[in-house]
Amino acid sequence: MASLTLGSKSPSTYTGHTLVLGVGGTGENPAVLASDDLPRALAKQLDSVVSAVSPSTKVGETAVLAAVPGAKADTLVLVGLGEEPGTDALRRAAGAGVRAAGKGPVALALPHGDAAGLTAIAEGALGGDYTFTTHKSAQETDGDREITVFTPLGRKEDPKGALARAEIVARGVRWARDLVNTAPNLLYPQTFTEQVQQVATASPGKLGVEVLDEEALADGGFGGIVGVGQGSSRPPRIVTLSYTPKSKKAKHVALIGKGITFDSGGVCIKPSASMATMKSDMAGAAAVAATVVAAAELELPVAVTGYLCLAENMPGGNAQRPGDVVTMRNGTTVEIIDTDAEGRMVLADGLSLAAESGPDQMFDVATLTGACVVALGPDVFGVMANDDDVRSAITDAAERADEPSWPLPLPTGLRAQLDSPVADIAHKGGRMGGALTAGLFLQEFTKGADGEQIPWAHLDIAGPSFNESGAKDHLPKGGTGVAVGTLLEHIATLA
């Protein structure tokens, strides 16, 4: 990952390859907006350039200029900030600017007045710098690239601390993206587990890892995940990744991630075209793992435990069938309706296990339903909850993290769709309201030992977890790492 440094002088003195400046205002009257005052000669020259080039002020739009008099950088990139740039515009513009800069050292001088703005710029820059080349025979590396960020903030605002925090968050997002982008013949439950163990060992954060293999899962009554994984030659795992702060009075948050490393649909097999992106069906577990590691490295005063529910859904000779009945970790019997609705089964076992520890709040993260994508589109994730305050807190955190979300209901009237004549509950309802009935199913597994519901929210990230179109702003093509920022924002507020 590229390194971040604070600019020590004026942006006009930057002698690296590329300097990124913002352009704001209306389309008819664009103006250069920098993080600090520019020398009069350079400002005047830029005014002339902007007048001649008329760059777009639309957020993320870029114009590349070479050898501008008065600037010591080889190249200037002008990036649109919109009319009134907030943190979301700064994050996106920074990513777009770094991407437009190409290779080599780059500096950003974008306008901001507080640490939140500086953090958004830093996170956006590192996000825009991301490329996945692991499977390329000729390896490319951007690890030595230096990104300089100019800021008017003084020591009281702790700009170095803001950059350090941004690097930790960006490193987590980057790892989540790498996991999602890894080929499914190389990332499966056991190798995913090994990656988590390696990262936890190398991290400076205080992290613990526990693994339940296929035998422990069977002995422990985890019928949901065992059933999903039984059609694959690569058996399932539940990995518990935990961070415990020093304070014994700290609140405890449990995160449960869907980790289907490849989803063929099982015996209810998907059309071949629908399998093209199914290596990304573990994006929820990737986000959870990255969040726990980042929380530990940030030393947040909140205990965070992640439950990674890892399985491969394949149509092998021992695969689960529609009509099967399995017993879940909490003793509930479930009738299988559709083997391609496997995510809720592994999550239900994970939720049951998490509930046993009595956390203050629980959140599951999953690429769960195509119905949520139909409802909200590819860029917005849905939030369902059994607690209004928790739902609002997550959507507020998502807004601060620039990860668009939308609250969805859990209508009690739809619960009857999950009634089963042969088991306690069926795991899937009808076609209409499919995202909501999936949430209602999961809600059944959010009760503590006293039978009371633990405050819980379900994040259906099926749309924004994997970007099938081209790279845009701070988001690359492929895995996006969505939900890491949201969860960290929320956990930080609990302190």
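The values are calculated or read from the model by the stated rules, or taken from the named source; none is laboratory data. Since we're looking at a predicted model, the values are computed, not measured. Note that each Cβ is placed from the backbone with ideal geometry, even for glycine, and that neighbours are counted across all protein chains shown.
What to note about this one:
- Residue match in segment 128-142 (condition: acidic (Asp, Glu), in contact with a helix residue (DSSP H, G or I) (Cβ under 8 Å, 6 or more places away or on another chain), part of a loop (DSSP other than H, G, I, E, B) and modelled with pLDDT of 95 or more): yes
- Hey, Ala109 modelled with pLDDT under 90 and hydrophobic (A, V, I, L, M, F, W, C) or not: no
- The lone exception for Leu459 - which of (1) out of contact with any helix residue (DSSP H, G or I) (no Cβ under 6 Å at 6 or more places or on another chain); (2) of a type outside the set (Gly, Ala, Ser); (3) over 27 Å from Ile337 (Cα atoms); (4) not in a loop (DSSP other than H, G, I, E, B) it fails: (3)
- Residue tally, condition part of a loop (DSSP other than H, G, I, E, B) and buried (at least 19 other Cβ atoms within 10 Å of the Cβ), over segment 246-271: 4
- Selected residue (criterion: farthest from Glu123 (Cα to Cα)) from residues of segment 52-106 that are part of a loop (DSSP other than H, G, I, E, B) and in contact with a Lys or Arg (Cβ under 9 Å, 6 or more places away or on another chain): Gly70
- Criterion (over 21 Å from Thr332 (Cβ atoms), under 25 Å from the mean Cα position of the chain (by Cα) and surrounded by 18 or more Cβ atoms within 10 Å (Cβ to Cβ)) met by exactly one of Gly434, Gly463, Gly439: Gly463
- Strands (runs of 3 or more DSSP E) fully within segment 278-340 that include at least 2 residues being in contact with a Gly (Cβ under 6 Å, 6 or more places away or on another chain): 303-313, 325-327.
- Entry remark, segment 345-384: residues being under 27 Å from Gly331 (Cα atoms) and part of a loop (DSSP other than H, G, I, E, B) number 8 in total.
- Enumeration of residues in segment 49-62 that are free of Cβ contacts under 8 Å to residues at least 40 places away in the same chain and among the aliphatic types (A, V, I, L, M): Val49, Val50, Ala52, Val53
- Screening Ser274 with (1) in a strand (DSSP E or B); (2) more than 16 Å from the chain's Cα centre (by Cα); (3) of a type outside the set (A, V, I, L, M) gives one miss only, at (1).
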